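The structure appears below as structure tokens.
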Amino acid sequence: MAGLYINQHVLNNLFYILVTIFAFSFIYDHSRAIRQRPLYGRALLGVCLALAAVLCMKFPIYMDPLCVHDFRQIPFLLGTLYGGGAVGAVLFVVLMLARTVLYGFQPLTLIVYAIMFAIAAAAAPLFRKLPRSGKLLTALWLTFLLAVVTTFVAVIVADFPVTKPYIVYFIMMPPFVMMFAVYLMETLHEAQLARAELMKMEKMQIVSQMAASISHEIRNPLTVVKGFIQLMQTGRLPRETEERYIRIALEELERAEAIIRDYLTFAKPAPKETEPIDVATQLQKVLQMITPMAHMHSIHVSSSLEDGIVIGNVQYFQQCFLNLLKNSIEAMPNGGTLHVAAENRGASVVITISDNGIGMTKEQVRRFGEPYFSTKEKGTGLGAMVAVKIIEQMGGTWTIESAVQKGTTLTITLPASRVGPPTAEQSAVG
């Protein structure tokens, strides 16, 4: 019996309805402008369901040689219940126009859908406040009651013949199709809410971890400074000892300042002031900054730098590679070799940092750049995190090849620019 009535035309109508529901959910989920403006969301809902209604009318269900039917009332009721009277009114006008164009004007159709619109629009505010189970039951019984009421009206007004196929396709089948469509709408909506909540929880967890890490890292140097100041208050220390304590306290304060600076670089948005950067020149400056630290760790530094231009913030560029080179040096506690190379490949500039230090495991490579993950015993991970963010802000990518006790090679690829850096004369004029 079921196979007799569930034919290809029925499945086609179901397909049109389901596809437009998925299309609405997909576009809504991937458009921030639509999510932030309820009017845009209602407009999108109206467009998608109007398309479904017109397709159902264009390719109807043939009951018998004298009667055709379709599921146009499903997208019409969906739009009215979820979008309110405004969306329902638009769908009502679209339905009447499409009915007139495709099959000619029929006063009975106008009366039937006017009744559906009035009742569905009145029920919409209450419907939207119901939980999912309440919406499913309401959709089922409302669709059934509307079909029964409009059938009685049709019989009274136009002596409309009620046949068995009509009862199946207009009265019995649509309530279950409507309930399934509402279930699908609710499921997709709940999935969107669940994903948004998960993203919110992840962000809150990151903020919590960041606050805890920053608090811990800053408390350590401040505790040292506090201890030395308390010792100096005794007034019984030799001058040399006081100077040593002051020097250590200043170093700890500088360390706290560096932690805060790294955190702010990660937290604040991308710098608006960008300019062409001569990669070779700026990397050479960074190498000069890092050379004393390398000598202290018995590390030989070499470089092969080709000219190349990228767009970015010079200060952030230097900070990025200063952090990365410091990581490489600290990965060679017993000395070693650090090599920095820059290669111009036309559309991109490739910068390679290689060391023969302690290396990293696959898990450490995978987590490189994550907040608060560090291979160093007392590291915060902020340096690598800041470097990764700066690379991404410049439109670049990075890869790591590493083996434990063999070394690490970090490759950064930045988009090249044909615009040259300003000359000294141009900078002076500016």
Practice task
Identify the residue in segment 113-157 that is touching a residue at least 24 places away in the same chain (Cβ under 8 Å) and aromatic (Phe, Trp, Tyr) and, among all such residues, is surrounded by the fewest Cβ atoms within 10 Å (Cβ to Cβ).
Solution key: TRP141
Practice task
Mind counting the residues in segment 327-338 that are surrounded by 17 or more Cβ atoms within 10 Å (Cβ to Cβ) and out of contact with any Asp or Glu (no Cβ under 7 Å at 6 or more places or on another chain)?
Solution key: 3
Problem - Complete set of residues in segment 344-370 that are surrounded by fewer than 16 Cβ atoms within 10 Å (Cβ to Cβ), of a type in the set (D, E, K, R) and touching a strand residue (DSSP E or B) at 6+ places or on another chain (Cβ under 8 Å) - result: ARG345
Exercise for the section: Could you tell me which numbered condition GLN284 fails, if it satisfies all but one of (1) at pLDDT 80 or above; (2) closer than 24 Å to TYR316 by Cα; (3) loosely packed, with under 14 Cβ neighbours inside 10 Å? Expected result: (3)
Problem - Set PHE105, PHE144: member being not in a helix (DSSP H, G or I) and not acidic (Asp, Glu) - result: PHE105
Practice task
Give the residues of segment 258-281 that are modelled with pLDDT under 80 and in a helix (DSSP H, G or I), sorted by residue number.
Solution key: ALA258, ILE259, ILE260, ARG261, ASP262, TYR263, LEU264, THR265, PHE266, ALA267
Exercise for the section: Show the residue pairs that are 6+ apart or on different chains and have beta-carbon atoms under 6 Å apart, the first residue being within segment 13-35 and assigned by TED's automatic domain parsing to the domain that holds ILE74, the second being among the polar types (S, T, N, Q). Expected result: ASP29/GLN192
Exercise for the section: Report the residue count in segment 282-326 for those that are in contact (Cβ under 8 Å) with a residue 60 or more places away in the chain and assigned to a helix (DSSP H, G or I). Expected result: 8
Fill in the blank from the handout: Of the listed residues (GLY359, GLY395), the one being more than 30 Å from GLU273 (Cβ to Cβ), within 33 Å of the chain's Cα centre (by Cα), in a loop (DSSP other than H, G, I, E, B) and at pLDDT 85 or above is GLY359
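The values are calculated or read from the model by the stated rules, or taken from the named source; none is laboratory data. Please read all numbers here as calculations on a predicted model, not as lab measurements. Because the Cβ atoms are built from the backbone with ideal geometry, glycine has one as well, and the counts that use them run over all protein chains shown.
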